[in-house]
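One structure is given below, encoded as C-alpha cells.
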Amino acid sequence: MVRFICRSIGIWLIAAAVIAGVVDGIKSIAATRIVMTSTAQFWVLVSPSSLASAQATARRMLPGVWDQVVSPALQVPVWGVFLVFGILFMVLGLRRRRDFIYAS
C-alpha cells in the first residue's frame, strides 16, 4: 500500500514537472527568449505567507543557512524540482526484485 502511494505521488509530481516545463516553453516562445520559473517564484504564486514564515523561521533557527543554502536552491527551475522528487518517489515505490535461490 505504501509503495502504491509513493508511485502515485511520483506520477503526479512527474506530471506536474511536464506541465511546468510546457508552461515555461510556451512563455519562452511568447517572449522569444528562455524563460524558466524558479521554485521561489512558484512558491510566491502558491503561498507567499508560507515562504515568508519559512524564511523567518530558518533565519531564526539556523542563521546563515537561508542565504547560503536555501536561497540558491530556490533558484532552481520548478520543473526540475518536481521531476527530481517525482523520480525519487517512483524509486521508493519500486517493487523489490525477488531472487529465487534453489538449493539442490
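The values are calculated or read from the model by the stated rules, or taken from the named source; none is laboratory data. Everything numeric in this text was worked out from a predicted model, so none of it was measured. Here Cβ is always computed from backbone atoms with ideal geometry, including for glycine, and neighbour counts include all displayed protein chains.
Please go through the range 1-21 and pick out each residue that is assigned to a helix (DSSP H, G or I), over 30 Å from Ser53 (Cα atoms) and either free of Cβ contacts under 8 Å to residues at least 60 places away in the same chain or β-branched (Val, Ile, Thr) (or both). Result: Val2, single match. Listed by first and then second residue, the pairs linking a residue in the range 86-98 that is closer than 14 Å to Val2 by Cβ to a residue that is of a type in the set (Phe, Trp, Tyr) and modelled with pLDDT of 85 or more, with Cβ atoms under 9 Å apart and 6 or more places separating them unless they lie on different chains, are Phe89/Trp12; Gly93/Phe4.
For (1) among the hydrophobic types (A, V, I, L, M, F, W, C); (2) touching a Pro at 6+ places or on another chain (Cβ under 7 Å); (3) exposed (fewer than 11 other Cβ atoms within 10 Å of the Cβ); (4) at pLDDT below 90, each residue gets a yes or a no:
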| residue | (1), (2), (3), (4) |
| --- | --- |
| Thr37 | no, yes, no, no |
| Gln41 | no, no, no, no |
| Leu62 | yes, no, no, yes |
| Val69 | yes, no, no, no |
| Val78 | yes, no, no, no |
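Looking only at residues in the range 22-37 that are polar (S, T, N, Q) and not in a helix (DSSP H, G or I), which one is nearest to Val70 (Cα to Cα)? Per the stated criteria, the residue is Thr37.
Being closer than 28 Å to Cys6 by Cα, among the aromatic types (Phe, Trp, Tyr) and either surrounded by 15 or more Cβ atoms within 10 Å (Cβ to Cβ) or in contact (Cβ under 8 Å) with a residue 60 or more places away in the chain (or both) is a description that applies to Phe82.
Condition check for Phe100 on (1) of a type in the set (A, V, I, L, M, F, W, C); (2) in contact with a Ser or Thr (Cβ under 9 Å, 6 or more places away or on another chain); (3) not in a helix (DSSP H, G or I): one failure, at (2).
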